[in-house]
Amino acid sequence: TESGSTDGWPLDVREALVERARGRAGEELLRAGETRAVLDALGRAGVWPMLIKGTPLAYGWYGTPASRPRDDTDVLIPAAQVETARRVMASLDYVTTVQCSDVFSQFEVQKTDHLGVVHAFDIHWRISAQPAFADVLTYDELLPRTVRVPTLGASAFAPGTVDALLLACVHPVMHHRNVERVLWIY
């Protein structure tokens, strides 16, 4: 409604929305803890992943991280650290789900925790699989302008605002054939 009130909404719709919001908030608490653990483990091994795309936006720009739905956590690492990152993720019981590193300059790992929540990480060493965009933003170029994401621990950092905006602008073009999704635009 114009006033922002849901009083006129059917009770079953309101209850379903409340239940979904609670579920997302609970999952986000579990994902945040897992993200902290992964970032810390990678950091102990000398890998300093930079959070990119949805996760740092959720923790920097949204009133609550659960308001920014996402299925995975994307990180960017230097190419020289790929094998170390693979070993660390395997030691944390993550399983590689997509093995296309020679083509896509990334790998994806997943695990399901004891409560049934799926944790997925996309580990990138180039910003895009598309040659025209692969070096638009490199790890080394982004590094001096990074910002901390303190809620996700001492090892959590992300591109600065301008770089994050540039990534958000080119992401739909370089990965999704310029599909417009309200979530990405927002």
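Would you call S67 open to solvent by 60 Å² or more (accessible area, probe 1.4 Å), over 17 Å from the mean Cα position of the chain (by Cα) and of a type in the set (S, T, Y)?
no
Being open to solvent by less than 40 Å² (accessible area, probe 1.4 Å) and either more than 21 Å from H124 (Cβ to Cβ) or modelled with pLDDT under 85 (or both) is the filter here; which residues of the stretch 6-52 pass it?
Listed by number, the residues that qualify are G23, G26, E28, G33.
What tally of residues in the stretch 111-125 results from selecting those that are in a strand (DSSP E or B) and open to solvent by 70 Å² or more (accessible area, probe 1.4 Å)?
1
Name the residue that is modelled with the highest pLDDT, counting only residues in the stretch 87-105 that are of a type in the set (A, V, I, L, M) and open to solvent by 50 Å² or more (accessible area, probe 1.4 Å). Give the steps one after another, and end with the answer.
Just the residues of the stretch 87-105 that are of a type in the set (A, V, I, L, M), to begin with: 88-90, 92, 95, 98, 103.
Filter once more, keeping what is open to solvent by 50 Å² or more (accessible area, probe 1.4 Å): 90, 95, 98, 103.
Working: A90: 97, V95: 94, V98: 70, V103: 59.
Of everything passing the filter in the stretch 87-105, A90 is modelled with the highest pLDDT.
Hey, does the stretch 126-143 have a residue that's closer than 21 Å to R36 by Cα, of a type in the set (D, E, K, R) and either assigned to a strand (DSSP E or B) or open to solvent by 30 Å² or more (accessible area, probe 1.4 Å) (or both)?
No; the residues of the stretch 126-143 include none that is closer than 21 Å to R36 by Cα, of a type in the set (D, E, K, R) and either assigned to a strand (DSSP E or B) or open to solvent by 30 Å² or more (accessible area, probe 1.4 Å) (or both).
Can you tell me how many residues in the stretch 33-57 are within 14 Å of V147 (Cα to Cα) and either aliphatic (A, V, I, L, M) or part of a helix (DSSP H, G or I) (or both)?
Total satisfying the criteria: 6.
Which one of T55, T84 is under 15 Å from the mean Cα position of the chain (by Cα), of a type outside the set (D, E), within 25 Å of D163 (Cβ to Cβ) and open to solvent by less than 50 Å² (accessible area, probe 1.4 Å)? Steps first, please.
Values: T84 fails: under 15 Å from the mean Cα position of the chain (by Cα).
Criteria check complete, one pass: T55.
State whether the residues of the stretch 161-168 include one that is at pLDDT 90 or above and open to solvent by less than 20 Å² (accessible area, probe 1.4 Å).
The answer is yes; a qualifying residue exists.
The values are calculated or read from the model by the stated rules, or taken from the named source; none is laboratory data. If you're wondering where the values come from, they're calculated on a predicted model, not measured in any experiment. So basically every Cβ, Gly included, is an ideal-geometry build from the backbone, and we count neighbours across all protein chains shown. Side chains included, ligands, DNA and RNA excluded: accessible areas come from the protein's heavy atoms. Shrake-Rupley method; radii C 1.70, N 1.55, O 1.52, S 1.80 Å.
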